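Notes for the one structure printed next.
What follows draws every value from the coordinates through simple rules; no lab data is involved. From a predicted model like this one, the values you see are computed outputs, not experimental measurements. Every residue, glycine as well, gets a Cβ built from its backbone with ideal geometry; the counts of neighbours run over all protein chains shown.
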Amino acid sequence: MKRRTFLKGSLAAGATVSSGLLASNMAFAESAAADTKAAGADPYAATSVEDALKALGITAEDSDKITVNAPDLAENAAVVPVEITTTLEGAEEIIVMISKNPTVLVAKFKFGESADHGVKCRFKVGKSGDVVAVVKAGDKYYTAKKAVKVTKGGCGG
Amino acid sequence: MSKFKTRLKVKMKDGKVNVKAIMSHPMETGRRKDKKTGEKIPEHYINEVIVTANDKMVLTSEWRSGVSKNPYLSVNYAGKSGDKVKISWKDNKGNTGEAEKTVK
């Protein structure tokens, strides 16, 4: 009997905890979205690719000179290998965004003179979405993306 | 420093130097919960990584928690055998790590 009441109690507690968290997460997302609309907002708090670009104060045009190499189907969403290379002249910076993550902007890479314009790294991809690469070359920004699908079961799709 | 290992590999490949690094780091997003206590695990991530060769900048990067746990990084640069390659990083709690290798 005791065990049963205990179970019930803990179940109820668990439910309230998780719903509470969900609510706070949503509140956070909303406030972050509101923040990014203001000028000079932290681009790292942006919750969509558009907001992040706006917060960074850049507009990017599509380019086929950027290659985003990522698996079509991620085996492990927490570890998605991504390779980004570009043949754009004078590329100096690569910005990586994952479109469906709670905060989209995940990394910025700046190259020195001797470096090849490409990096390999691993990222977390929360939901099926795009891996977006923004490359700064000279004063202009170029972008390319690759869709990555994430399955929950991990047994492929 | 001690619990965060930084592994670095450098080698010549097609006339360039390939730099590969793995850092042992939890990269907590601040959104995960501790299973036992139900409390949120605070954010803990590497936010700055710098790769240099002979004290010249090869790559600087700014990261957030969207980078995977135990981050992996690979970059090529035009270099030669004998170059001293160094990687150093900082996280949002002030921990640092570094590793240095000479290109064979």
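Quick rundown of the values:
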{"item": "Label-point gap, in nm, between residue B:40 and residue A:92 - each point 7 angstrom along Cα→Cβ", "result": "3.7"}
{"item": "Whole-number D in µm² s⁻¹ for the stretch A:25-150, Kirkwood Cα-pair radius fed into Stokes-Einstein, 10 °C, 1.306 mPa s", "result": "107"}
{"item": "Spatially proximal aspartates and glutamates relative to residue B:16 (Cα-Cα < 16 Å; intrachain offsets below 8 disregarded)", "result": "A:113, A:116, B:83"}
{"item": "3J(HN,Hα) from dihedral phi, the stretch B:16-26, Karplus parametrisation 6.51/-1.76/1.60, rounded to Hz, x for glycine, proline", "result": "10, 9, 9, 10, 10, 9, 10, 10, 7, 7, x"}
{"item": "Cβ-based exposure ranking for B:34, A:42, in which fewest neighbours within 10 Å come first", "result": "B:34, A:42"}
{"item": "Listed residue (B:45, B:4, B:95) projecting farthest to the positive dipole end of chain B, Cβ model", "result": "B:4"}
{"item": "For chain B: relative contact order, % (alpha-carbon pairs under 8 angstrom, 6 or more apart)", "result": "33"}
{"item": "In nm, spacing of pseudo-spin labels at residue A:127 and residue B:3 (7 Å Cα→C-beta vector)", "result": "3.3"}
{"item": "The stretch A:62-128 - convex hull of the alpha-carbon atoms, volume per residue in Å³", "result": "90"}
{"item": "Exposure proxy ranking, count of Cβ atoms within 10 Å, fewest first, for B:89, B:63", "result": "B:89, B:63"}
{"item": "Computed E for residue B:78/residue B:102 - FRET, C-beta separation, R0 22 angstrom, nearest 0.05", "result": "0.85"}
{"item": "Fewest-first sequence of A:145, B:80 by Cβ atoms within 10 Å of each Cβ", "result": "B:80, A:145"}
{"item": "Equivalent ellipsoid semi-axes - Cα gyration tensor, the stretch B:58-104, angstrom", "result": "24, 13, 9"}
{"item": "Interchain or long-range residues, amide H under 5 Å from residue A:116's placed H", "result": "B:76, B:77, B:78"}
{"item": "Calculated FRET value between residue A:73 and residue A:100, using beta carbons and R₀ = 22 Å, to 0.05", "result": "0.90"}
{"item": "Relative compactness, chain B, computed as alpha-carbon Rg over 2.2 N^0.38 Å", "result": "1.21"}
{"item": "Efficiency of FRET between residue B:54 and residue B:14 - r from beta-carbon atoms, R0 25 angstrom, step 0.05", "result": "0.80"}
